[in-house]
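Remarks on the structure that follows.
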Amino acid sequence: MEDRKSEASVHSIKMTGREKMFSTGVEDVESFDDDKIIAYTTDGQMTVKGTQLRINRLSIEDGEIEVEGIIDSVEYQDTHKTSGSGIWGKIFK
């Protein structure tokens, strides 16, 4: 179990064409809609832009997210989340 947690804390992205993205090292999701997903990863804030974006699977516990849609770009900012600032932090406040 410890190995799985350490693997999940390493941020990685696997793209299948421009239609599917799988990422590890995800700590939280700040916001999401059809055009943009903002997530915090172990490497900083990640913004996925595109059209018809949807989150097929999200496991904060395992640090994984799977996104489908037409992905135009993935951008990073070197910022990390503050506790409770993501969408789940706001819902369960």
Among residues of region 50-86 being under 13 Å from Ala39 (Cβ atoms) and in a loop (DSSP other than H, G, I, E, B), the residue modelled with the highest pLDDT is Gly63
Checked pairs for region 10-32, first under 12 Å from Ile71 (Cα atoms) and among the acidic types (Asp, Glu), second part of a strand (DSSP E or B) and at pLDDT 95 or above, C-beta under 9 Å and 6 or more apart or across chains, list as Glu19/Glu68; Glu19/Gly69; Glu19/Ile70; Glu19/Ile71
Residues in region 50-76 that are surrounded by fewer than 15 Cβ atoms within 10 Å (Cβ to Cβ), farther than 18 Å from Ser12 by Cβ and in contact (Cβ under 8 Å) with a residue 24 or more places away in the chain total 2
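Please verify whether Glu2 is surrounded by 12 or more Cβ atoms within 10 Å (Cβ to Cβ), modelled with pLDDT under 95 and out of contact with any Asp or Glu (no Cβ under 8 Å at 6 or more places or on another chain), treating the condition exactly as stated. I'd like the intermediate steps shown before the answer.
Values: surrounded by 12 or more Cβ atoms within 10 Å (Cβ to Cβ): no; modelled with pLDDT under 95: yes; out of contact with any Asp or Glu (no Cβ under 8 Å at 6 or more places or on another chain): yes.
No.
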Reported set for region 31-65 where residues are within 8 Å of the chain's Cα centre (by Cα) and closer than 17 Å to Thr16 by Cβ is Ile37, Glu64, Ile65
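The values are calculated or read from the model by the stated rules, or taken from the named source; none is laboratory data. No experiment lies behind these values; they were computed from the predicted model shown. All Cβ positions, glycine included, derive from the backbone under ideal geometry; neighbour counts span all protein chains shown.
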